[in-house]
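Worksheet: one structure, shown below.
The values are calculated or read from the model by the stated rules, or taken from the named source; none is laboratory data. None of the values given here were measured: they were computed from a predicted structure. Ideal geometry is used to build each Cβ from the backbone, glycine not excepted, and the neighbour counts take in all protein chains shown. What goes into the accessible areas is simple: the full protein's heavy atoms, side chains included, and nothing from ligands, DNA or RNA. Shrake-Rupley method; radii C 1.70, N 1.55, O 1.52, S 1.80 Å.
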Amino acid sequence: MYFEMLQSISLNGKIGVPNDDRMGSSAARAWVVDGATDLGEPGLLGNQGGAAWLSTAASQGFAQATGTDLRQSCTEMFDHVAASFEQDRTRAPVANWELPKAAFAAAQLVDGQIECAWAADCPILLHGQHGVTWSTGLPDTSTEVADAQALGIGTGVAPALSGAVLEDRRARRMGTDHAALSADPVVAARSTQYSQHPIAIGDEVLIMSDGFSSLVSDYGAYTAETLWQAVHDKGLAALAQEIREIEHADATCTRFPRFKVSDDATAIWLRVARR
């Protein structure tokens, strides 16, 4: 078995602002990494923001990994990120909120099964003989929506990462329950979940950042089943355009309270083929 890459897309949330998502695939492994929005100016890692740095390092780690199963591949990726951080950082962080964090999801074909791994909110959707399955669990953004509402977002004013909002996001990121990929391999391993599923020739896989899965989790435009139908009928580019149309129509985040009008949106669509 191996992965055929059918389509991929990655859009930055705002034109002219760097995209902090990364993705990649090989014959047996595919991944998406979504760097968490930086909560301060660049400096810890030179002129590059921590989100982009971490996404790039993690993607490089997956590309170089030789693990025969996904848990081993993730461990190799964690170690690569940790070593790169020690090499690239220019100083100590001013506080733990400055440490780069990311969400990620990865899939690997192993002995006729598909193994999935994820941290935070990048989901994987499987489509095949057993129907449509969220291998990473149903995406749930209710906590972030509640946080945004508690800070007054959704009252007709566009969100801004400053003042009380910035302090809240910094405090949230420093919380002991904040599970995400980081430059600390122990924290990264503790934050990562795994699942394994049967897979067959012709089955399909959709790996997304939360900016793309927002079509289901945030905006309710699709269910898992109707999203797959739309992928087949329209393709990823058209669905990404739908995301932006929904967001631009709600530029003050009144209908859908959220911390930014548009997030980076990334997805990779693969099919399992016979060697």
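Scanning segment 29-56 for residues that are outside any loop (DSSP other than H, G, I, E, B) and without any contact (Cβ under 8 Å) to a residue 60 or more places away in the chain yields a count of 6. The set of residues in segment 61-85 that are in contact (Cβ under 8 Å) with a residue 24 or more places away in the chain and open to solvent by 40 Å² or more (accessible area, probe 1.4 Å) comprises ALA63, THR68, ASP69, ARG71, THR75, ASP79. When LEU161, LEU206 are checked against the criterion of being open to solvent by 50 Å² or more (accessible area, probe 1.4 Å) and of a type outside the set (Gly, Ala, Ser), a single residue qualifies: LEU161. For segment 28-60, the set of residues classified as farther than 25 Å from LEU161 by Cα, open to solvent by 10 Å² or more (accessible area, probe 1.4 Å), touching a Leu at 6+ places or on another chain (Cβ under 8 Å) and not basic (Lys, Arg) consists of ALA28 only. Would you say GLU115 is in contact with a His (Cβ under 9 Å, 6 or more places away or on another chain), closer than 30 Å to ALA27 by Cβ and at pLDDT 95 or above? When the stated conditions are applied, GLU115 passes them.
Exactly one residue among LEU125, LEU138, LEU166, LEU181 is more than 15 Å from THR37 (Cβ to Cβ) and either at pLDDT 95 or above or touching a Gly at 6+ places or on another chain (Cβ under 9 Å) (or both), and that residue is LEU125.
Just to be sure, is ARG190 open to solvent by 60 Å² or more (accessible area, probe 1.4 Å) and either more than 18 Å from ARG71 (Cβ to Cβ) or out of contact with any Gly (no Cβ under 6 Å at 6 or more places or on another chain) (or both)? Yes.
The condition (being surrounded by fewer than 15 Cβ atoms within 10 Å (Cβ to Cβ), under 30 Å from LYS234 (Cβ atoms) and among the small types (Gly, Ala, Ser)) is satisfied by just one residue among GLY16, GLY24: GLY16.
Among the residues of this structure, GLU247 counts as one that is farther than 18 Å from THR136 by Cα and over 17 Å from the mean Cα position of the chain (by Cα).
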